[in-house]
Structures are given as C-alpha cells and as structure tokens.
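Q: Dropping the structure in here first, questions after.
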Amino acid sequence: MSEPVERPTGSAAVPEKPSLEGLETKWRDRWETDGTYGFDRTKTRDQIYAIDTPPPTVSGALHIGHCASYTHKDLMARFWRMRGKEVFYPMGWDDNGLNVERRVQLMRGVLCDPSLPYDPDFTPSDPPPKRPIPVSRPNFMQICAEVVEMLEEKYHELWSTMGLSVDWAQSYTTIGAKARRVSQYGFVRLLERDLAYRTEAPTLWDVDMKTAVAQAELEDRTIPGAYHRLVFRRADGEPLYIETTRPELLAACVAVVAHPDDERYKPLMGTEVTTPLFNVRVPVLAHELADPEKGSGIAMICTFGDTTDVIWWRDLALPVRTVVEKDGRVATMPPAGLEDGDGRAAYSEIAGLNMKQAQKRVVELLQAAGGIEGEPRPIEHPVKFWENGNRPLEIVTNRQWYIRYPPTDEMLARGREVRWHPEFMHVRYDNWVNGLVGDWNITRQRYFGVPFPIWYPIDEDGNVLHDRLLIARDDQLPVDPSTDVPDGYAQEQRDKPGGFAGDPDVMDTWATSSLTPQIAGGWPDDLDLFARVFPMDLRPQAHDIIRTWLFYTVIRSHYEFDTAPWSDALISGFVQDPDRKKLSKSAGNSPDDPMAIIGEFGADAVRYWASGERPGMDLALDRNQFKVGRRLATKILNASRFVLGFGEQPDAAAASAPLDLAMLGLLAEVVDDATKAFEEYEYTRALERTESFFWSFCDDYLELVKARAYTGDASAVAALRLGLSALLRLFAPFLPFVTEEVWSWWQDGSVHRSLWPTPGEVAADDGDPLVLEVAAEVLGQVRKAKTTAKKSLRADVALVIVHGRPEQLAALEAARSDVREAGRIAELRTEPADELTVVVTLSE
RNA sequence: GGGCGCAUAGCUCAGUUGGUUAGAGCGCUGCCUUCACACGGCAGAGGUCCACAGUUCGAGUCUGUGUGCGCCCACCA
C-alpha cells in the first residue's frame, strides 16, 4: 500500500471550483465575437455541408418543443463541422402571412382596411383595445414589421442561449427584400413557363379572415350538425325526400344526384324536381360519388356546400348559383334561376344573414311551407376548417393564382431521391402526393405578404383586363404593385380608365418558404454561392409539415433545377407534456417556458434531454431528464478538473500500460460507433454510447488509475488526457457549453472547430479490453463486499481471491497493482477456474 | 374508410443480423460525511417483453390475426 502522494498542482487555467453557472452567456458571446460558426464561402460544394434550416413561424409561441427540434439540427451541424466540413447553417424567420396578421391584431388591436389613408401619427394604444381599430395598409404593414422584429429578437435570444451554431450573417426573413425578390422572381419564371396561372374557380374560403386557404392548411373537425329532411316535389307532384345538413344552401341547389345503380331513383334520372320554398326546377342526375347509404341516398348539389359539390358541379357541368358571400353571409341578391315570386320573397328573408342565422330562418320558413318533414335529426360530422380558423370553411368562387402540380409520378420520383430519416416518413409524402386534388392555390387575400409582381390594364370603360398581364421586369423585383408602377404607365393612371390596376393579393407564405434553399443560397443574384450550397445536404423538419414545406420545396426545386433540393431529410417528432397531451402554448410563466427551464437546468441539460428524441419519435417533456443532463455536465466538469490536475504529458504515445491501452482500445470502439451513428443520423445512439463509456471511465478506469496517476506516471497521465480529449469532442455536439469550458482550460481554439476523434487517433496500439474489464469486475466485487458489510469504500481489504480462466487471470496480472491500490487490497491471489468469481475478505 | 408508427421494470426508453440468466437512466430501498464531484458515490429490489396463432432445435426479435394508444390522410349530402 503506497503512502498518499501529494497531488501535483494543476494547470493554472483549471478552476478550483468549476461551475456551470453563466456558461451560456460566456460562450455564446465568445463564439459570436470569434466568429466560431461563420461560414467560409471560399469552400467548394464537396467541402460544404448545407442545411436548409426551417424558418420558425415567429408569430407562434415559443415553447420547449422548439428547443428540442432545433437541437437535433444543431447536432448534425456540429458533427459535420467537426468532421471538417464547412457547415452552411443559416437561420430564417418566417414572418409573413396570415398568422402574423392575427398576432398583430391581438397584440396591437389593429386590423387592415386598405381603403383608409395613411396616418403618419398613428400609434397603437397599449393595452390594445378590445375591438380592433381599422388602419390603413401602410400603417398596418409598419406595425406588423415592428412586431415581427420584436418576436424575432426573442427567437434569436433563445437560439443563442441554446447554443445553436448558426451563422447569423446568413439570416433571412420571409417578408424581407431578399425573400420577396426570390419569391417574385421564382413566380415570374413559373408564369413564363405556364406552370403558374390565374383562374376563377371555387376556392376554400375562411369567412373570418376573408381569404382563400390551400388544401394543405385544412383540418377536419367533428362538430354537431343535423339532418334536415327536405321535401322536393317530383313532376307528378309526389314528394322526394332529400336529407341535408345545410338547408341554408337550398337556394344554391343546382341539381340533385343519386348513384347510377340506385334502383330507387333510377326512374327519376333525367327528370326534373322542384325545390321547396324557392320553387326552382333542378335536374335529377347520376354520379358514382353519390352514396346510397347516406341520408336518403339522394343528395342536393349546391354551389357550393362542400368539396364534393365542386366535383359534381365540374363533372356534371352545372351552373353556379352563388348564395354565400366572402364575408360568410347570404348574398343580398338572389342567385340566377330563382325567378318564382314566393321564392324570391323567401330569399329576402335570409339575405344578409350569417350561415347560422340563415339556417334557423330557412328551417322556420320550410316548416311554415311544409317543405321539411319532421324535426332535424342531430348528428356529429366532420367539417373542414382552416387549421387556424374558428368557423367552417365556405367555398366561394374567386380569381386565384395557382401553381400546377407536376405529374404524380414525377413528384414520387423526387421523393425517392431523398434519403428519409426515419425511412417510414417517406410514406407520408407518397400518401400526400397520391391524394392531391387540383392545383396549388398560392393566393391569399391578405396584406402582410409577398405581393404578386403583376398589374392589369384598365380599358377606357374602366374594366380591369384580368387576362392581360403587366409583369414586372426581373431587374425591378421586388415590386409592390400597389405603390410601384408598371412600365409605360404613370402613377396618376392607377385605377383610372385607360390606366392600370395592381394585383391586390399576396402570396401564400408557403409560396415563399418553399424557396428557402434558394433564398438562403443567394439565388438568383449570387449564383456563385448557390453553386456551393445547392442541392443542399439536409432538410431537418417536423413531420406535420411534410405535406406543406417539404412537398412544396420539392416542387419548386423540381421545376427550377430538375433535382431534389437536398439529399437527406431528417424528420423529428413532437414534444408532448408528461400526460401525452399537447404542450400548452402560453408563453411566459408556463412550466414549459424554455428560458425558465434553461435558467434552472442549463442549456446543455435541455440539449441532453432533446438528444434523447430519436428521429421521427415523439418526446415527453421530462424534468427528470433535465436533471440527468445537468448531472452529466457537472460530472464532466469535475472529472476533467481531476484528470487535468495530474499534470501534463504532451506525448500521447507514452500510454503504454496494459490497463491504459485497454481503456483507449474501448474508447476507440466508442468513437467508431458514435461516428457511424451520427453518419446515419442516429445521434441518440452516439450520445448513449459516449455517455455510457464516460461513466465507466469515471467509475472504473479513473478509480483504478488514480493512484498511479498521482505519482505522475507518464502512461496514466497520457491515457487520461487523450481519453478526456476524445470524450470532450464526442460530447461537444450535445453539450457545447460545458465541453467548450473544459476545452478552454487546456487547449487552444474552440472544441467546436476541433476535429472529430478517430479510432486510430485514440488507439495507436492494440490494447486488450479484457484488462480493464476484469479489473473493473474485481473492483466492483470489492465495492460490493464493502457495501454489503456496510463499510466505507475506503475500508481495507485483507484478501481477494480471483478465480478465472487463464486469459482472465493474465489480464488481471497486467493491472495487479492498479487493482490493489484502488481496492485497498493487502493480498491479491488468483486461482484457475471456468468462470470469473471473486472472493473478498475484509480486514477487521 | 385508408395509411404509418408505437406497445419491454412504477416512469422514460435501449435491445443491431432470431441464440445462455432481457438491459440503461429515473424513481424506490439500503449503505458510504470518500482526500475530482453530496448538483456526489456504491449497491439492492423490481419484468408472464399487449394477446392469440404460426415458422423454428430455439422468438422480446420473423409471419399472420386481434386489441389498445398516437399521428397522417379521406368526397363531410
């Protein structure tokens, strides 16, 4: 038993009492100052790893789920950077569109009324008024811009605190000039190729926000409704019962339809029936989509009650009888075809009512007129809503811009060019592509968005000539047709006969965000940069927007560059609260407020928790994991201080003792596994392997070697420092703050710009892992004996007899003195046996 | 109605090509004031691997059926 050795004085840079406090602030400032994550655009495409980072919707509430998914992207960025790639890792803010307008309406109490003049002195009142105040379009835009800037700063703050290694110099916003230019330029190019077009067509419409919405933004909600049994009259005066949940649309009825094989209605096909109340004659038609099981098996077709009506209307070439206006109210004037005097009188009773009121009134009128049989029969049924809306969508006819979908097989082929992580998410893409209907409506009747770079001439009679486009020149873009003037016209001619009119609408936000690789990559003005980053390597995103962001990006890249936009898609899941419900959206003091959590546990701990979410899987919000992560970070701090306290040994080759080589050999395997895991986007496995090794490094190896290390043994010190160096680098993507802190104690430069360890670097010689395994097992048995005897681990051991196979005993011999020191063993004997057993006799 | 995923210890999850006694962390219990770390360490208890059927010498793992949960999609009269 050796005498305690005085501990060598540690490096001056190693603090006596290391702490995690303040590491986030310290290092994020330092990384910013040093440009640690700056992108070097002189590198070529093969040297670059480009990430198509999702621009977060800044109008949404910040919550801990963001931290999880953005950590995953950062893990990949940091891994590839350490592998020597120049990582192109921009950040965008999605700050245009309807959601921002809604947020502004709530936060500032204003809404846009384009008919109002600009008021330079207007300031929103604080707190905002309950009833939003109408303001001019320029005022509204200004307020929106202020609000998004504030929101973006909060995101920036959170991302920096989380340690995201983005290059902030590459930032963009989807409402910014660059994004507007790319959006308009991309649009014009599609227009020139007839891949974008404008047409008047039935459109899904949100009556509250008064805008069209796209197929991808729909969601079904099950709400109460009721079947109303309406009494139509056949030519012979007999009744024909038709069940509908929307009697208020009766005036919009253009036909009734049954299945062609439905024997009950076959005799009526080709005849006409008369609607109750309005007394309009409509044909009885056949169509496959009519379901004999539903209602009375025969349906009324209205223009338009739902998307099936649109299909019937199109397939059967029916006329339009519009009843619903864009504000969701019944049109003032009755539709064409409603000629009957009583019918017009009935219509006047519902004109101007909203849908709910209209339904009530129509039912009353029908009851009075005997047009309805029995009481309404309540049901629950799915109805289409805009995903952020409050009232069911209506379908109205409107002029809209569309982008054509490519043929299905082309879109599927593009999907197959991408490697999906996890692979099963690919199915969602295919399902979506196979279920597409119509084309992509990119028009929104809103204000805070990218306008269409289009004007229309006005003829001498004041008619806007919508089929004669005045398209902005490429070099003019971005333009705002509401203030800019097309070539050949003067500002005074705006909205005048013989003059011009600007296109009033803006693009759907996806029409812009589908171009994120183009926007971030500098297309079309910086083609040098673009060639260095496109097609990109990675699209990381959540699974809910496969049908939107991912799909649309593929389409734009397909049209513009004839390629998939990236080689790999990394799809993350959602964060759920411990009860598996949706996380609360409230910002501020909620239990999932990210800043509060980071403040309590540290960013590394939050990243640790997030790293446990495997691609495609959901993750529960688990405070326990924050604790575990924090404990790991603390352990790294303390273990590192301990290791570095043994002094320096610059020659890594000095590691020669069998125990030390065994440790390094095992570490080399860990490096190899972690590297492969990362290359397969299995970052969770990389962390698990590293973490598990690290704990045995601390509990077993460090305990075994410390007596020798205290003496300054070159092999021990070299192995410890080499092991620590590799471990810090393996942990660096996950725990960037604590690893950087420790790295700074004894290394130059940032750990995040150091090279990822390689197996060969760690284990130049072949160590025999058995040495460490057997030594750790014996030490473990000694500890167990002490614990069982309720003795301190410092208690002396009189005798240890190890039974084992010859190679096990030989391995133990190679570490004999380390084992004796670590276990405080007076006498260590070995005896041959078939399996390894350890008999421990404690001293009295 | 269609598709996808999940189901393993009280909780959160690993279990790679089928192969002895199914693992980890947390939690729980006990012990250790230990000279890197009490924001610690050591150890212990705890499981009919959702059910049924099949393939196989052998199934947590492969096949089928069913059940439960979650998500995505769907033409909703």
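The values are calculated or read from the model by the stated rules, or taken from the named source; none is laboratory data. Bear in mind that the values here come from a model prediction, so they are computed numbers and not experimental data. FYI the Cβ positions are ideal-geometry reconstructions off the backbone, even for glycines, and counts take in every protein chain you see. Heads up: the accessible areas ignore ligands, DNA and RNA and are worked out on the full protein's heavy atoms, side chains in. Shrake-Rupley method; radii C 1.70, N 1.55, O 1.52, S 1.80 Å.
Q: Per residue, how much accessible area does segment A:688-797 show when a 1.4 Å probe rolls over the protein heavy atoms, in square angstrom?
A: The answer is 37 Å² per residue.
Q: Sequence gap at least 6, Cα distance under 8 Å: using those rules, report the relative contact order of segment A:169-313 to the nearest whole percent.
A: Result for segment A:169-313 is 19 percent.
Q: So, R0 is 60 Å and r is the distance between the beta-carbons of residue A:844 and residue A:356; what FRET efficiency does that work out to, to 0.05? Could you put the intermediate results ahead of the total?
A: Values: r = 90 Å, r/R0 = 1.50.
That gives a FRET efficiency of 0.10.
Q: Taking amide H positions as placed 1.01 Å from N in the peptide plane, with prolines and chain starts having none, which residues 5 or more places from residue A:620, or on another chain, fall under 5 Å of its amide H?
A: Here the answer is A:576, since their amide H atoms fall under 5 Å of that of residue A:620.
Q: Another one. Any chance you could run the full-extension gain for residue A:466 through residue A:130? It's 0.36 nm times the residue separation minus the Cα-Cα distance, nm to one decimal. Please report the intermediate quantities before stating the final value.
A: Working: separation 336, 0.36 × 336 = 120.96 nm, distance 3.91 nm.
Stretched out fully, the residue A:466 to residue A:130 stretch lengthens by 117.1 nm.
Q: Dividing the convex hull volume of the alpha carbon atoms of segment A:286-414 by its residue count, what do you get in Å³ per residue?
A: Per residue, the Cα convex hull of segment A:286-414 comes to 189 Å³.
Q: Quick one: pull the percent of accessible area on chain A belonging to carbon and sulfur, 1.4 Å probe, ligands and nucleic acids left out.
A: In chain A, the share of accessible area belonging to carbon and sulfur is 50 percent.
Q: Could you name the lysines in cross-link range of residue A:130, using Cα to Cα under 26 Å and dropping any fewer than eight places away on the same chain?
A: Once the sequence-local lysines are set aside, what remains near residue A:130 is A:154, A:210, A:326, A:356, A:585.
Q: Accessible area per residue for segment A:149-273 in Å², computed with a 1.4 Å probe and the full protein assembly in place, what is it?
A: That works out to 38 Å² for each residue.
Q: Report the extension gain between residue A:427 and residue A:123 in nm, rounded to one decimal, defined as 0.36 nm multiplied by the number of residues separating them, less their alpha carbon distance.
A: Going from the current span to full extension adds 104.5 nm.
Q: A further question follows. Using amide H atoms built 1.01 Å from N in the peptide plane, name the residues 5+ places from residue A:57, or on other chains, whose amide H lies under 5 Å from its own.
A: Residues meeting the amide H criterion: A:94.
Q: For residue A:755 and residue A:810, calculate 0.36 nm times their separation in residues minus their Cα-Cα distance, and state this gained length in nm to one decimal.
A: Result for the pair: 16.1 nm of gain on full extension.
Q: D for segment A:1-122, whole µm²/s, Stokes-Einstein with Kirkwood Rh over alpha-carbon pairs at 20 °C and 1.002 mPa s: what number?
A: Here the translational diffusion coefficient equals 107 µm²/s.
Q: Is any residue of segment A:764-784 close enough, with backbone N under 17 Å, to a label point placed 7 angstrom from the Cα of residue A:669 along the Cα-Cβ axis, and if so, which?
A: What the label zone holds, given the 17 Å backbone N cut-off, is A:764-778.
Q: Using alpha carbons only, how many angstrom separate the centre of segment A:41-96 from the centre of segment A:24-39?
A: 16 Å
Q: Follow-up question, since we're still on this one. For segment A:333-488, compute the orientation-averaged projected area of the C-alpha convex hull (one quarter of its surface), in nm².
A: 17.4 nm²
Q: Under 17 Å from the 7 Å Cα→Cβ point of residue A:484, by amide nitrogen: which residues of segment A:436-472?
A: So the set is A:448-457, A:469-472.
Q: Also, I was wondering about something else. Residue A:543: accessible area at probe 1.4 Å, nearest 10 Å²?
A: So the heavy atoms of residue A:543 present about 30 Å² to solvent.
Q: What number, in percent, do you get for the relative contact order of chain A if the mean sequence gap of Cα pairs under 8 Å and at least 6 apart is divided by its residue count?
A: Taking the mean separation of contacting Cα pairs over the length of chain A, I get 15 percent.
Q: From the backbone phi of segment A:731-736, what are the Karplus-calculated ³J(HN,Hα) couplings (6.51 cos²θ - 1.76 cosθ + 1.60, θ = phi - 60°) in whole Hz, Gly and Pro given as x?
A: 7, 3, x, 7, 10, x
Q: For segment A:369-484, with only Lys/Arg (+1) and Asp/Glu (-1) charged at the beta-carbon, what is the dipole magnitude about the Cα centre, in debye rounded to 20?
A: 420 debye
Q: Report the residues of segment A:822-842 in range of a label on residue A:801: point 7 Å along Cα→C-beta, backbone N strictly under 18 Å from it.
A: A:825-842
Q: So for segment A:715-844, Kirkwood radius off the Cα pairs, Stokes-Einstein at 25 °C and 0.890 mPa s: how many µm² s⁻¹?
A: Numbers: Rh = 17.0 Å.
After rounding, the answer is 144 µm²/s.
Q: Classify chain A: rounded, prolate or oblate, from the alpha-carbon gyration tensor (a ≥ b ≥ c, eigenvalue square roots; a/c under 1.5 rounded; otherwise prolate if a/b is larger than b/c)?
A: Taking the square roots of the gyration eigenvalues as a ≥ b ≥ c, chain A is prolate.
Q: What FRET efficiency, computed as 1/(1 + (r/R0)^6) with R0 = 35 Å and r the Cβ-Cβ distance, is obtained for residue A:142 and residue A:404, rounded to the nearest 0.05? Show your work: numbers first, answer last.
A: Working: r = 36 Å, r/R0 = 1.02.
With R0 = 35 Å, the Cβ-Cβ based efficiency is 0.45.
Q: A further question on this structure: In nm, give the distance between the simple-model label positions of residue A:168 and residue A:336, each being 7 Å from the Cα along the Cα-to-Cβ direction.
A: 6.0 nm
Q: Here's another thing I want to ask about it. Label residue A:788 and residue A:596 with points 7 Å out from Cα along Cα→Cβ: what is the distance between them in nm?
A: Inter-label distance under the simple model: 4.9 nm.
Q: Same structure again: Please report the antiparallel percentage of the DSSP beta bridges confined to chain A, to the nearest 5. Intermediate results must be reported in sequence, preceding the final value.
A: On the way: 61 of 93 bridges.
Bridges in chain A that DSSP calls antiparallel: roughly 65 percent.
Q: What spacing in nm lies between the two simple spin-label points modelled at residue A:544 and residue A:496, each 7 Å away from Cα in the Cβ direction?
A: For residue A:544 paired with residue A:496, the spin-label model returns 5.0 nm.
Q: Now a separate question. For segment A:421-430, in order, what is each residue's ³J(HN,Hα) by Karplus, 6.51 cos²θ - 1.76 cosθ + 1.60 with θ = phi - 60°, in whole Hz (x at glycine and Pro)?
A: Per residue, the Karplus-derived 3J(HN,Hα) values read 10, x, 4, 5, 5, 4, 4, 5, 5, 4 Hz.
Q: In addition: Can you work out the FRET efficiency for the pair residue A:111 and residue A:364, with r the C-beta to C-beta distance and R0 = 30 Å, to the nearest 0.05? It would help to have the intermediate numbers written out before the result.
A: Values: r = 34 Å, r/R0 = 1.14.
Efficiency, rounded to the nearest 0.05: 0.30.
Q: Averaged per residue, what accessible area in Å² does segment A:97-140 show with a 1.4 Å probe, protein chains only?
A: I get 62 Å² per residue for this part.
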